[in-house]
1. Using each residue's phi in the stretch 47-58, evaluate 6.51 cos²θ - 1.76 cosθ + 1.60 at θ = phi - 60° and report the 3J(HN,Hα) Karplus result to the nearest Hz, with x for Gly and Pro.
2. Go through Leu260, Asn203, Asn55 and say which Cα lies farthest out towards the positive end of the charge dipole of the chain; charges sit on Cβ, +1 for Lys and Arg, -1 for Asp and Glu.
3. Select from Asn63, Asn234, Asn72 the residue whose mean-square fluctuation is largest in a Gaussian network model of the chain (Cα-Cα springs shorter than 10 Å).
4. In debye to the nearest 20, how big a dipole does the chain give about its Cα centre with +1 on each Lys and Arg Cβ and -1 on each Asp and Glu Cβ?
5. Read phi for every residue in the stretch 204-217 and hand back ³J(HN,Hα) as whole Hz from Karplus 6.51 cos²θ - 1.76 cosθ + 1.60, θ = phi - 60°, with x for Gly and Pro.
6. Grab the beta carbon distance between Asp255 and Thr179, set R0 = 22 Å, and tell me the FRET efficiency rounded to 0.05.
7. If I take every Cα pair under 8 Å that is 6 or more residues apart in the chain, average their sequence separation and divide by the length, what percent do I get for the relative contact order?
8. Percent relative contact order of the stretch 169-275, based on C-alpha pairs within less than 8 angstrom and at least six residues apart?
Amino acid sequence: MLKNVKECFYPESLEECLKLLSDFKENGDIVGGGVDIVWRERKELEYLIYLDKLNLNYIKEDNNYISIGATNTLDELEKINILNGSFRNALKSVATPILRNVITIGGTIVRGYSWSDILTIFITLEGKVKVFDGEENILSIDEFLQYKKNSKKKFVLTEIDLPKFDNSYHFSYIRFTRTGNDIPLINEGVLVKLNGKKVEKVNIILGGRPGFPVHLDEVEKFLLNKELDENVINLSKEIATKTSEVQDDMRLSMDYRKNLSGVLTKRNLIKIMEEI
């Protein structure tokens, strides 16, 4: 429990929020849904900063992007209807309904856990984030993870932008866990753009390696300009198994993760092939 919390703040501007973060240093932090703060029992926290007055709960669309305010919860994202419902299905596979009703999209991306379902899903879908650190920056999620690691600036993540995909795009996401509600032992997202029956563009993102999600580059190169069929999918599985960059940890061995990366690649591609 947060026994050391002394005061809560509700800034009315991004500038005020940054000032509070700078003043409190490691003793203050922004609260999204609060799951991470409670779960990790961050005893150093004395000051909590809420974003409720910054109007960051929205979902907007233009011709090219869907813009998602950082304080939207995961269950609110389920109303976004893109990629023939596969985006919604991916979100529904994450955590539990109760947790999805609390966890915010901004908080999840800022925490940036390497096993995060949301990181893998949004990197696969080429999502971008808006970050305010005194000025607004627009970064891919990969760029944001490096920004967070290397920058010493205080910042507020304000928005996540997803491209709008036409009917030539197909998406699938699979997570492998010990139980249905557990964090992933490994996860993978696949986005394929078809030109006729041939693969014109493909993202295959492997997360929970452990380590931040990465492209399966060799599989992506192999799939370009090929038609998805049983033989191509089986060869993709073999390439993924041989070339995936995975490691041991206390939960899974490297060899098991390598095998799983091939299995997830095959299953994702089969799901996409069946949708075509």
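1. These are the phi-based 3J(HN,Hα) values: 9, 10, 10, 9, 9, 4, 9, 9, 6, 9, 10, 6 Hz.
2. Farthest along the dipole direction, towards plus: Leu260.
3. Asn63
4. On the way: 39 positive and 43 negative charges, 122 e Å.
That gives the chain a dipole magnitude of about 580 debye.
5. Per residue, the Karplus-derived 3J(HN,Hα) values read 10, 10, 9, x, x, 6, x, x, 4, x, 9, 6, 8, 4 Hz.
6. Values: r = 22 Å, r/R0 = 1.02.
The computed FRET efficiency comes out at 0.45.
7. Relative contact order for the chain comes out at 15 percent.
8. On the way: 193 pairs, mean separation 27.1, N = 107.
Taking the mean separation of contacting Cα pairs over the length of the stretch 169-275, I get 25 percent.
Rule-based calculations on the coordinates, nothing more; no lab input. Fair warning: this is a prediction, and the values are worked out from it, not measured in the lab. For neighbour counting, all protein chains shown are included, and Cβ atoms are generated from backbone atoms with ideal geometry for every residue, glycine included.
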